[in-house]
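The values are calculated or read from the model by the stated rules, or taken from the named source; none is laboratory data. Just so it is clear, the model here is predicted, and its values are computed rather than measured. A quick note on method: Cβ atoms are made from the backbone with ideal geometry, for glycine too, and the neighbour counts reach across all protein chains shown.
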Amino acid sequence: MSQYRRPRIPGATIFFEVVLAERPSDLLIRHIGLLRDALRQTRADHPFDILAWVVLPDRMLCIWTLPEEDSDYSTRWRLIKARFSRALPPGRRRVSHMRRGERGIWQRRFWEHHIRGHADLQAHLSLCRDSPVLAGLVSDPLAWPYSSFTRAAAGRVRAEHAPYGRICNQTQPVTITPSVPISTAEAATRFARP
């Protein structure tokens, strides 16, 4: 079994990409209410700040800041994924999923990147904001309904939960650069994961 070495930095700000096992799929947006419930319950049990979150049909990109004394983001992801999966009706599973007690909805791992400064945070906020455009789902990022940026623009998010946040223990507003139109081929190249 693979041994993943992930940094354990209390209070870190981290970018995540979490992907469904079977793609293409619209499972996440089709069951957005169940996903929100799983997230709400997990945040109640294990708090963290959300700087940005976008849900695409088959993946989520988000930026969290953990509490100052906490570095355990893996447990939070395990709970979010498990709660969402248990709320869905059972589907088709492989033998390996049954052996592990999994529903086979999610890829087993997730991709994380610890934010290393203000410019890094801005780049990842822009990636979260622009991902619906890069995926070819909308032409304007604020037209995507499953995004913290859309909610913030509509005034449905309290100021402390807007897609701005502290980085490296400093409170500093983040200016997100405007979207730049790109070609479909360039979007596919940028958005593709090996």
All strands (runs of 3 or more DSSP E) inside region 1-98 with 2 or more residues being modelled with pLDDT under 90 and among the aromatic types (Phe, Trp, Tyr):
none
Output the residues belonging to region 108-135 that are under 19 Å from Gly11 (Cβ atoms), touching a residue at least 60 places away in the same chain (Cβ under 8 Å), outside any helix (DSSP H, G or I) and over 13 Å from the mean Cα position of the chain (by Cα).
His114, Ile115
Take Ser139 and decide whether it is among the polar types (S, T, N, Q), buried (at least 18 other Cβ atoms within 10 Å of the Cβ) and within 24 Å of Pro24 (Cβ to Cβ).
no
Given Leu39, Leu56, which one is out of contact with any strand residue (DSSP E or B) (no Cβ under 6 Å at 6 or more places or on another chain), surrounded by 15 or more Cβ atoms within 10 Å (Cβ to Cβ), among the hydrophobic types (A, V, I, L, M, F, W, C) and closer than 19 Å to Val133 by Cβ?
Leu56
